[in-house]
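The values are calculated or read from the model by the stated rules, or taken from the named source; none is laboratory data. All of these numbers come straight from a predicted model, not from anything done at the bench. Neighbour counts run over all protein chains shown; Cβ positions are idealised from the backbone, glycine included.
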Amino acid sequence: MTTATHPTPSDGTSSRDTSAAAPEQIGLGFAEVLALLAFHGGDSVEATAALLGVDHFAHVEDIISAGASSLVARSYALVDARGELTVEGAVAGIAVALGGAERRMLLTLEASGWTDRIVLLEAPEVAILLRPRAYGTWWALPQPADVPGAEATLSLVRGHLAEHPAGRVTVERHLEGQGVSLTVRRADDGGWLLGQTVPEGEEPTEYPADDADLLVTLRAVRGDLP
């Protein structure tokens, strides 16, 4: 299977251009996520499936077929006269990001008594935010093309810690072997306290930072080119 920006493959599936898709939050079920991963079939599929925790089911045809049927029922996919399955609009953009992500960022949001996650997937010309919900479902939100990834991440960090001043955000790039993540907390003076962690390492030593420092550090964690 494939998506927009790729030629129609021999297995009879395709998807349409995503350039005019308007950003909207879309709820996707477990099987629908697997179907969209299968649509693209890009280099990022295995790593993205692992990050989303669905890798053990990524090649189960019955689940993928059920997800495709659900997408058709919800009018997110169409079947043409030749039996080819096509995904459209924002959902086609989600499929591109799932299968073709060149950068996968994980934000862990912590507050008193609870933890949540945000996954950011960035492929050429499309980026999406994914947030898990109950029963293996995900909320997917295409990201504005005119907002750089580091700035978008800063906005998410700022929003969480404004709502939960005693909380913490951990930012890491999903990249095998990297093993380094950034923690961010609110400082008493309104700035930030930053720390870097490594697997099985000690609690990081925190250091103060302002918005500019945090943005530079986020770019470094993301691996943005200078």
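Per-structure values
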quantity: Residues located in the range 66-101, provided they are under 19 Å from residue 141 (Cβ atoms) and among the acidic types (Asp, Glu); calculated: 88
quantity: All positions within the range 118-133 that are farther than 14 Å from residue 33 by Cβ and either surrounded by fewer than 16 Cβ atoms within 10 Å (Cβ to Cβ) or not assigned by TED's automatic domain parsing to the domain that holds residue 218 (or both); calculated: 124, 125
quantity: Residues of the range 132-145 satisfying the condition of being closer than 13 Å to residue 122 by Cα and not hydrophobic (A, V, I, L, M, F, W, C); calculated: 142, 143, 144
quantity: Any hit, the range 183-196, residues being touching a helix residue (DSSP H, G or I) at 6+ places or on another chain (Cβ under 9 Å), among the charged types (D, E, K, R) and either outside any helix (DSSP H, G or I) or within 21 Å of residue 37 (Cβ to Cβ) (or both); calculated: yes
quantity: Search result, residues across the range 137-152 that are part of a helix (DSSP H, G or I) and either free of Cβ contacts under 8 Å to residues at least 40 places away in the same chain or within 17 Å of residue 94 (Cα to Cα) (or both); calculated: 149, 152
quantity: Test for residue 99: is it out of contact with any Pro (no Cβ under 9 Å at 6 or more places or on another chain), of a type in the set (Gly, Ala, Ser) and within 30 Å of residue 218 (Cα to Cα); calculated: yes
quantity: Selected residue [in contact with a Pro (Cβ under 9 Å, 6 or more places away or on another chain), crowded, with 16+ Cβ neighbours inside 10 Å and under 28 Å from residue 30 (Cα atoms)] from 143, 196; calculated: 143
quantity: Qualifying position, being under 21 Å from the mean Cα position of the chain (by Cα) and among the polar types (S, T, N, Q), among 153, 205, 197; calculated: 153
quantity: Residue in the range 93-108 that is surrounded by 19 or more Cβ atoms within 10 Å (Cβ to Cβ), touching a His at 6+ places or on another chain (Cβ under 9 Å) and basic (Lys, Arg) present; calculated: yes
quantity: Residue in the range 155-162 that is in contact (Cβ under 8 Å) with a residue 12 or more places away in the chain and loosely packed, with under 13 Cβ neighbours inside 10 Å present; calculated: no
quantity: Failed condition for residue 187, given (1) within 30 Å of residue 49 (Cα to Cα); (2) at pLDDT 95 or above; calculated: (1)
quantity: Answer from 132, 124 - the residue that is in contact with a Phe, Trp or Tyr (Cβ under 8 Å, 6 or more places away or on another chain) and either in contact (Cβ under 8 Å) with a residue 12 or more places away in the chain or of a type in the set (A, V, I, L, M, F, W, C) (or both); calculated: 132
